[in-house]
Structure formats: C-alpha cells, structure tokens
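Heads up, the thing below is written out as structure tokens.
The values are calculated or read from the model by the stated rules, or taken from the named source; none is laboratory data. As the structure is a prediction and not an experimental result, all values here were calculated from the model. In this analysis, Cβ positions are derived from the backbone assuming ideal geometry, glycine residues included, and neighbour counts consider all displayed protein chains.
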Amino acid sequence: MMYTKTINDRQVFSECKTILVNGVWISNPTAEQIASEGWVEYIPPVVAPDPITEPDLNSVIQAVKKILAAQSEQLTDEEALGVAALYPTWTSKNGEVVTVGERLWYNEKLYKVVQTHSVQSDWTPDVTPALYTEITIVEWPDFVPPTGTQDAYMTGDKVTFNGEHYESLIDNNTWSPADYPSGWNKVD
C-alpha cells in the first residue's frame, strides 16, 4: 500500500515500512501509528482513458468485407481469385449450410460450392469434389470425373484429358472424352 503526506511543501510518497514516531524509527508500524504521523493512503486520481478516435485495423477489414460481400458474389471466377481474401474461410463455415455457387477460401485456394450441404470437418474442399470445385484460371484444367449434375461440365468448358485438350459440346456432361466422344470436341 502506498501512503502520502506533505513535507516542506512537497508531496512525499512512501510504503511506510519504517516511520519516525517521536524521534524513534519503527519497523512495520500499525495503521494507527502511520495515521498518527500524518500519513494517508494514497489513492491515485481517476484518469479518463483517451477516447478511441480510430477503429482498429481488424474492425476496418471486417467492415470492408461486409460491404463488399454482396458485390463479390457478382464477380467472375477469375476476378474472384484476384480478391480471394474477401471470401469467408471454409473453417469459419463449420457446421453451417453452404449453397451452390458460394465461394470459400481453404488452404490458400478458392473453392466454389457445387452441392448444397452442411460443412463438416472431414469434408474438406481438397478431398470432396462432389461438394467443391477449385477455382483456377488454368485454361485447360485436368479432367475430373463429375459425381453428378452438380459438378458436370457445361457447353464450352475446357479440359485436359490424357494429355489432349477437349471442349465440352453439351451441358451437364458427366462423361469423359473416352466414354462419350461425341460430347467433346478435341482441340489441337
């Protein structure tokens, strides 16, 4: 505990572990002895904290993300890759329902939901192509066998299959170029 008293017109502070009483130094004085010598408990003045004049950086980032969320859904996949940090992380959606077309950030990659589902910790985007497809700007990505119409190839979609480039000629194309050659156009 800290005590104070005025000596020679100056405010003096002490813990009062030893004090001078009637010309005798006393160690570990009692509260009564401390008070009898004019010492009072020092209570620091209450100082109002400085007002917060600027929001913290994290608050600013979250506000910008919120404002841009609706606009970011209108972006093409290529544009979305350029601002991937605006999209929610896959882990932040754990236990929530995600719908077709939503974009999520996972392991430094952007994924698009291809089937509405509840996010589960064991259904990560990198190992569940029936639920997610990686968004890339590779013109001729490797052919990935679709698991159904939710991730089927559409007319104009480009793939690399067995080292060759193909373009889908039909919508909802779930076959490989080998399984249904008339659904694909081989591009040289």
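Just one of the listed residues (97, 113) is under 30 Å from the mean Cα position of the chain (by Cα) and exposed (fewer than 13 other Cβ atoms within 10 Å of the Cβ), and it is 97. Going by the conditions given, is residue 59 at pLDDT 90 or above, outside the structural domain of residue 151 (by TED's automatic domain parsing) and more than 45 Å from the chain's Cα centre (by Cα)? No, not satisfied. Screening residue 129 with (1) under 21 Å from residue 76 (Cα atoms); (2) out of contact with any helix residue (DSSP H, G or I) (no Cβ under 7 Å at 6 or more places or on another chain); (3) free of Cβ contacts under 8 Å to residues at least 24 places away in the same chain; (4) assigned to a loop (DSSP other than H, G, I, E, B) gives one miss only, at (2). Residue pairs whose Cβ atoms lie under 8 Å apart, sitting 6 or more positions apart in sequence or on different chains, and linking a residue in segment 41-65 that is in contact (Cβ under 8 Å) with a residue 40 or more places away in the chain to a partner that is surrounded by 10 or more Cβ atoms within 10 Å (Cβ to Cβ) and part of a loop (DSSP other than H, G, I, E, B), are 41/2; 42/2. Only a single criterion out of (1) at pLDDT below 95; (2) touching a strand residue (DSSP E or B) at 6+ places or on another chain (Cβ under 6 Å) is not satisfied by residue 123, namely (2). Taking (1) outside any loop (DSSP other than H, G, I, E, B); (2) in contact with a Lys or Arg (Cβ under 9 Å, 6 or more places away or on another chain); (3) farther than 30 Å from residue 148 by Cβ in turn, residue 80 satisfies each apart from (3).
You will find that of 126, 142, 157, 122, the residue that is of a type in the set (Asp, Glu) and surrounded by 14 or more Cβ atoms within 10 Å (Cβ to Cβ) is 157 and no other.
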